[in-house]
Protein chains: 2
Amino acid sequence: MNTAELAELGQQLRVDSVRASAAAGSGHPTSSMSAADLMAVLLAHHLRYDFERPEHPANDRFVLSKGHASPLLYAAYKAAGAVEDGELLTFRKIGSRLEGHPTPRRLPWVETATGSLGQGLPVGVGIALAGKRLERTGYRVWVLCGDSELAEGSVWEAAEHAGYEHLDNLITIVDVNRLGQRGPTRHGHDLDAYARRFQAFGWHTIEIDGHDVDKIDRAYGEALSTAGQPVAILARTLKGKGVAAVEDMEGHHGKPLPDAEGAVAELGGPREVPVRVSEPPAAAALRDVTTEVLQLPRYDEGDQVATRDAFGAALAALGTARGDVVALDGEVGDSTRTEEFAKAHPERFFECYIAEQQLVAAAVGMATRGWLPYASTFAAFLTRAYDFVRMASISGAGVNLVGSHAGVAIGQDGPSQMGLEDLAMFRAVHGSTVLYPCDANQTARLVAAMAGLDGIRYLRTSRGKTPVIYGPGEEFPVGGSKTLVSSEEDRLTVVAAGVTVPEALAAADRLAEDGILVRVIDLYSVKPVDVDTLRRAAEETGCLLTVEDHHAEGGLGDAVAEAFGDGRPVPRLVRLAVRTMPGSAAPDEQLHAAGIDAVGIAAAAKLLVEEAVVR
Amino acid sequence: MNTAELAELGQQLRVDSVRASAAAGSGHPTSSMSAADLMAVLLAHHLRYDFERPEHPANDRFVLSKGHASPLLYAAYKAAGAVEDGELLTFRKIGSRLEGHPTPRRLPWVETATGSLGQGLPVGVGIALAGKRLERTGYRVWVLCGDSELAEGSVWEAAEHAGYEHLDNLITIVDVNRLGQRGPTRHGHDLDAYARRFQAFGWHTIEIDGHDVDKIDRAYGEALSTAGQPVAILARTLKGKGVAAVEDMEGHHGKPLPDAEGAVAELGGPREVPVRVSEPPAAAALRDVTTEVLQLPRYDEGDQVATRDAFGAALAALGTARGDVVALDGEVGDSTRTEEFAKAHPERFFECYIAEQQLVAAAVGMATRGWLPYASTFAAFLTRAYDFVRMASISGAGVNLVGSHAGVAIGQDGPSQMGLEDLAMFRAVHGSTVLYPCDANQTARLVAAMAGLDGIRYLRTSRGKTPVIYGPGEEFPVGGSKTLVSSEEDRLTVVAAGVTVPEALAAADRLAEDGILVRVIDLYSVKPVDVDTLRRAAEETGCLLTVEDHHAEGGLGDAVAEAFGDGRPVPRLVRLAVRTMPGSAAPDEQLHAAGIDAVGIAAAAKLLVEEAVVR
C-alpha cells in the first residue's frame, strides 16, 4: 500500500472503532483512534498471519496489551476479512464474541485475555521465549501497549526478562497518547523518558510520530532487522486523533464519542480499504515432542520424604515422558526442587529470577503456544501474581502452578515465607483445581494428573519431610479423597490434607487409646472436593473436624462446608486452622502453637465427643 | 570513627551475624556478611536515630528490604546498645523478638515487615513521601536492598514513583553480592547495569566497593548532599565476605556457616566496638493534624446513588474532619471517586498511577508514620497487590483498601474488570475486616467506621446506582448486619450484601405475592460476621440462602458457613454466586445470567420451599 492507502486504512479503523462503540453505547474509541495508524501499517505491511488458520505454527502473534482498545482490534479483524460489519456492531452486547476486552475463549485470533494493564507484554515475552528457544518457526511477537500501563512493575519485569534473553523476535509498540483514564500520564509525550527506561533494560528503541504512516513503516522495518535485542517503538500519538471534539483532550476516556455520526463524517465516512494480510512462511520446523511411558518416582511406605522433593522428581520424570512439558521457577529452584527438572531438561527450563508476575505470565504465554508449563515458587510468593492468575483463568489458559513451603510447618523463617492464603486465593479462581498432597507417592501421581486438566491447576507442597503412607501403585483421582481410618463406631471425622494428615493419624491413635474412634479423611483434592465421601462421613459420624495449615478462611474448612451447599442437611462442622500470627519457631512448635498438631486435634476431638456436642 | 574502627565494626557485625545464625541453627549469615560494612558506616556516621524513642518524629527511618539479612540488623541493634548479646542468641527461637525476618509487631525499631523481596523499597517510598510532603521533620529514609530483588517489578514501580516525586530524602543502598538463593543473579557484579536502570528512572547513582569503609562513607555523604533526586548506592560486595570457606561461593544461601567457631576466629573473634548513633535533630515541625466534627454526606431514602459515589463523598468529609487522613489512588480516581478527596484535600492526595503494588506499599509506608491511608482502585486490580496486603498484615499496618467496580454488576466491560475474588482474598488475610455496603448512607458510615479499626480493612464498592434504603441516621456497627424483612412465618433466610440486597428485597416481595415469606439479611460486614443474627435466623427459618456477586468460593457463602464452625447444629445452606465466566452484557443481564438477581433468588427460594427441601 502507498502512503495514502495506509492513511485511509487508519481512518477506516478509526471510523469502525467509533461505530462499534456507538452501537455498544460504551467502550474506548479514543484509545483506539490513537493507535489506528500503528495498527493499519502493521496489518497491511508487516504482520504475517493466516486468519483462517490461527493455529498455524509460523503465524506472527499479536497481543493487544491495552485491551480496552478492543474496538481497534475488532476493526482490524474486519479490515482483514475475519469479521463482518454486522458482527462488529454487536460489540459488548450479550452473547457477542466481541467483548469489552478481548479473550481467547471467544476469539481464535486472540492470544491472551487482556484488560488488566501491564499483562500483555509479560505474556508476550513468554510467547517470544517459546518461539526463540523451543519452536524456532520464525514467528514474531507484536505487543501493542499503552503508555499508562508502563507504570506497572510487571512491564519492567518483562523488559528485564526480554532484554536478558535477547528476544529479537519481540516488538513492543507503545501508543504514547499522553492521556490515561483520569488525566495526563507521568511523562506525557516525553518519548525519551520511555526510551531511556527500555534502553536501560537492554532494548533497542525507535521514536516516531505515530500518525506518520511512512515513519511507522520504516520503524517496523528497522525493528524486524534488529538482531540480538527486543525492540520498543515509542510512538507519539493523540488520543481521539482525527475528531476535533475529543482529540488530545481529557475527559473522553472509556466513552463513546459525543457525536458519533459527526465524528464518522469528520473522519471521511466509512470505507472499505482492501487489506491482504501476509501469509506466514511455511513452518520451518515441526515441533519435536517426544512421548515415552511415564515412569514416576516410587517411594517406600514408611520413608520420610518431603512432598517438594517428590514434586521435583515427578516433574523431571514427566518431562522425560512428555516433550511438551516446560518448567519455570522464580529463582528458588533449589527450594521448590524444579532444579531436578532443570538438570534433566535444561533446554525446557526457564529461570525467571525473583519476578513472580513474569513467572506466571511466561507460563501463560507458553501455554498459548501449546506447551504444558509448570511454574513454581514459594506458595507465599504466588500471591504476587494473583492478578496474572485471575487473568489466566479468563484466558482459559492451562497452567500448572506449584507453591512450596506452605503453611506454618516451614518453621523458623516466619510468616513472610509461609503460604497461609494460597488455598483461598486459588479456590476463588474460576474453574481452578487445588491439590494438596500429604506424601511422596501421592504428590508424584498428582503432578502427572494435573497435566490433563483444564484451567488453572494449583499444587501445594511442603518443606519438611513427612512419612510415605501410600504405596506407589495407589491412585488419586482429582476430586477424590482417601479415607485412612474408619469404623462403624466413628464418633466424628477428621478431615485433613498435606502436613495435617500424619497429625490426624497420630491423633486418631491417641483417641483410640481413650476409646474414642474417629474417621480420618485425606482430602488431597481441595477443589473439586469429594462431595460423596464427605456426605457419607457426615451421615455416619455427624461431625466433621477440619484441620488445615492455612488461615481459617477460604481453605479446607470452607471447601468442606461447600460440599453441603445445596440445601441438604449439614453435619456439625468444626475447623482447626492457623488463627494467630505466627513468629519464628521450629516446625513442630509451629503446628502445636496453631493447635493443628496431633495434640491439638485429639484435644479438640475429645472435647467435642466428651462434652456431647456431637452425638 | 576512623577507617580501622569502622572496619572493626563491620567485622563485629559479621561475627554477631555468624553467632546468631549458629545459635539458631538456621538463618542467612552470608547475606548479612556482604552488607556488614555498609551497615557499619551507616550506623556509626550517618543514621540519625534515637533507639530509646523510636517514635521520635525526626528519626531517620531504616528499612531492611532484604529481610532475610536479619542477623545483620539484630547485630546492628546490639552494636547500638538496643539489644543485649543474650537476646541476640535467641534469634529465630520460639517467643523471641528476633524473628527470621524482622517485623514491627515485635520490634519497635522495625518500620515494616520484610521477607517478601522487593517490598522494602516500595514501602520506603511511602515513608519518604510522607516525610517530604506531609511531615517535613527532615528525616531521611535508608533502604538496604539485595541485588536479587531488583528483578521484582515492584522495585521499578517504586523507582518510578520516587524519581517522579524527586524524593531526595530517600537513599537506597544495594548490596550487590552477585549471588541469589539458587545461584548467580542476572547481572552479577555489573554495577553499571543497575545504575543505568536507576538513572533511567531519574535517580542519582553512586557505584562503590561495598567493603571499602571510606568509600562507603563518602558515598553516604554524597547521597545526603544530593538535591532533587533519590539516590541509589550500588555497592559491589561479596556474599559471606571475610570467611574463605563461603566467601563469594554458591551453595551457602540461608544456612549457618559450616564451621561457625572457625569463622568467628577467622573474622578476628568477637569484639565490642562502641557505637554512638547520632541523635535526630529536634523535630522541626510538629504535625498539624486538624480535628473537626465529622459531617458525613446524607442521602434520602429512595434516591439512586452508587456506593462508589458515597465513598468518595464520605472520604472527602472524613478528610475534612481528620487531618491525618490521606488518600491514594491507582490513576482511576474518576472511577473510584477519590477525586472528591483530591479536590478537597489536594495536599493529602497521592496519585500512584497504574501501579497497584506501589499504591498499597505507599499506603503501608504512610501508615507506619501514623497517617490514616485510604488506597483505592478497582477491586479486580487489588489482586495485583495481594502479596503487599499479606505483608502489611504481618506488619500489623493499619490501612484501608477500597475496591470499586466489584462483581458482574459492572456490566459491559467484562471479566477482566470485575472483582470476583476480592472477598476471598481479603477474608483470608489475618486480622482483616471486610465490608460490603449496599447503599449510600451505609457506605458513608462504614468509611468512617473503618478508620478506627486495626489491621487491613477492605471496603467493596459498586459501579452502578442502587437505591438508598437506610436513613442517614442509621448505624452500622462492624460485625453487625441488618435484618430488612422478617416475620414469624419466614421459611428461609436470604443473606445478601451489596448489589444483591435490592435484588433480595425484590425477590422477597415476589415470593410474598406467592404466599412464601422469607427473611432478608443485609450482611454488610462480611468479616467479622454477625454470628448471633445468622444463628437466630438459622434456628427460626432453618435454611440460609446466600446470594453474592462474587465467585462461589471464599466470599459471602463461606463467611456465613464459618458462623457455624464451632460444632453447633448447622442450618441448611444454599449459595447463589457467580459460577460461570461472564462475558460482556448489561448489568441487569449479568446479574440475571449469574442467577443472582431477584428472579434467580426467588426461583431458588421457591424451589427450596416447594420441593420441601426445607421444612
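Here are the numbers for this structure:
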read-out	value
Test: residue in the stretch A:39-49 that is touching a Lys or Arg at 6+ places or on another chain (Cβ under 6 Å), modelled with pLDDT of 95 or more and in the same structural domain as A:Lys132 (by TED's automatic domain parsing)	no
Helices (runs of 4 or more DSSP H) fully within the stretch A:37-153 counting 2 or more residues that are surrounded by 24 or more Cβ atoms within 10 Å (Cβ to Cβ)	A:70-79, A:120-129
Failed condition for B:Pro274, given (1) free of Cβ contacts under 8 Å to residues at least 24 places away in the same chain; (2) more than 24 Å from B:Ala79 (Cβ to Cβ); (3) part of a loop (DSSP other than H, G, I, E, B)	(2)
Residue in the stretch B:104-126 that is basic (Lys, Arg) and within 14 Å of chain A (Cβ to nearest Cβ) present	yes
Members of the stretch A:317-359 found to be aliphatic (A, V, I, L, M), buried (at least 24 other Cβ atoms within 10 Å of the Cβ) and touching a Ser or Thr at 6+ places or on another chain (Cβ under 9 Å), listed by number	A:Ala327, A:Leu328, A:Ile354, A:Ala355, A:Leu359
Matching option when the condition is touching a Lys or Arg at 6+ places or on another chain (Cβ under 7 Å) and closer than 30 Å to B:Leu372 by Cα, among B:Asp490, B:Asp454, B:Asp439, B:Asp522	B:Asp522
Meets criteria (part of a loop (DSSP other than H, G, I, E, B) and without any contact (Cβ under 8 Å) to a residue 40 or more places away in the chain) for A:Gly498	no
Given (1) farther than 22 Å from B:Gly254 by Cβ; (2) within 14 Å of the chain's Cα centre (by Cα), number of the condition A:Arg322 does not satisfy	(2)
In the stretch B:330-354, residue nearest to B:Ala162 (Cα to Cα) [restricted to those that are among the charged types (D, E, K, R) and touching a strand residue (DSSP E or B) at 6+ places or on another chain (Cβ under 7 Å)]	B:Glu351
Some residue of the stretch B:232-255 being modelled with pLDDT of 95 or more, under 20 Å from B:Arg14 (Cα atoms) and of a type in the set (S, T, N, Q)	yes
Candidates A:Val526, A:Val531 - the one that is crowded, with 24+ Cβ neighbours inside 10 Å and not assigned by TED's automatic domain parsing to the domain that holds A:Asp439	A:Val526
Within the stretch A:342-432, strands (runs of 3 or more DSSP E) holding 2 or more residues that are under 15 Å from the mean Cα position of the chain (by Cα), over 19 Å from B:Ile394 (Cα atoms) and at pLDDT 95 or above	A:372-378, A:399-404
Pick from the stretch A:551-565, criterion at pLDDT 95 or above and of a type in the set (A, V, I, L, M, F, W, C), ranking: farthest from A:Met418 (Cα to Cα)	A:Val560
Filtered residues of the stretch A:430-447 (kept if away from chain B (no Cβ under 14 Å) and in contact with a Phe, Trp or Tyr (Cβ under 7 Å, 6 or more places away or on another chain))	A:Leu435, A:Tyr436, A:Pro437, A:Cys438, A:Asp439, A:Ala440, A:Asn441, A:Gln442, A:Thr443, A:Arg445, A:Leu446, A:Val447
Residue match in the stretch B:164-174 (condition: surrounded by fewer than 19 Cβ atoms within 10 Å (Cβ to Cβ) and in a strand (DSSP E or B))	no
Hits in the stretch A:224-236 (condition: crowded, with 24+ Cβ neighbours inside 10 Å and touching a His at 6+ places or on another chain (Cβ under 9 Å))	A:Pro230, A:Val231, A:Ala232, A:Ala235
The one condition in (1) more than 8 Å from chain A (Cβ to nearest Cβ); (2) surrounded by 24 or more Cβ atoms within 10 Å (Cβ to Cβ) that B:Met391 fails to fulfil	(1)
Condition met for A:Leu296 (more than 29 Å from A:Gly120 (Cα to Cα), more than 13 Å from chain B (Cβ to nearest Cβ) and assigned to a loop (DSSP other than H, G, I, E, B))	yes
Answer from A:Glu356, A:Glu331, A:Glu351 - the residue that is within 9 Å of chain B (Cβ to nearest Cβ), of a type in the set (D, E, K, R) and at positive phi	A:Glu331
Only listed residue being among the basic types (Lys, Arg) and within 14 Å of chain B (Cβ to nearest Cβ), chosen from A:Arg457, A:Arg427	A:Arg427
Selection from the stretch B:508-523 of residues that are part of a loop (DSSP other than H, G, I, E, B) and buried (at least 17 other Cβ atoms within 10 Å of the Cβ)	B:Ile516, B:Leu517, B:Leu523
Test: residue in the stretch B:460-474 that is touching a residue at least 40 places away in the same chain (Cβ under 8 Å) and either within 9 Å of chain A (Cβ to nearest Cβ) or of a type in the set (Asp, Glu) (or both)	no
From B:Asp549, B:Asp522, residue being charged (D, E, K, R) and under 27 Å from A:Gly431 (Cα atoms)	B:Asp549
Candidate set from the stretch A:16-31 (those that are touching a Lys or Arg at 6+ places or on another chain (Cβ under 7 Å) and assigned to a helix (DSSP H, G or I)); member that is surrounded by the fewest Cβ atoms within 10 Å (Cβ to Cβ)	A:Ala24
Subset of the stretch A:149-192 [more than 15 Å from A:His253 (Cα to Cα), more than 8 Å from chain B (Cβ to nearest Cβ) and charged (D, E, K, R)]	A:Glu165, A:Asp168, A:Asp190, A:Asp192
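The values are calculated or read from the model by the stated rules, or taken from the named source; none is laboratory data. Quick caveat, the model's predicted, so the values are computed rather than measured. All Cβ positions, even for glycine, are placed from backbone atoms using ideal geometry, and neighbour counts span all protein chains on display.
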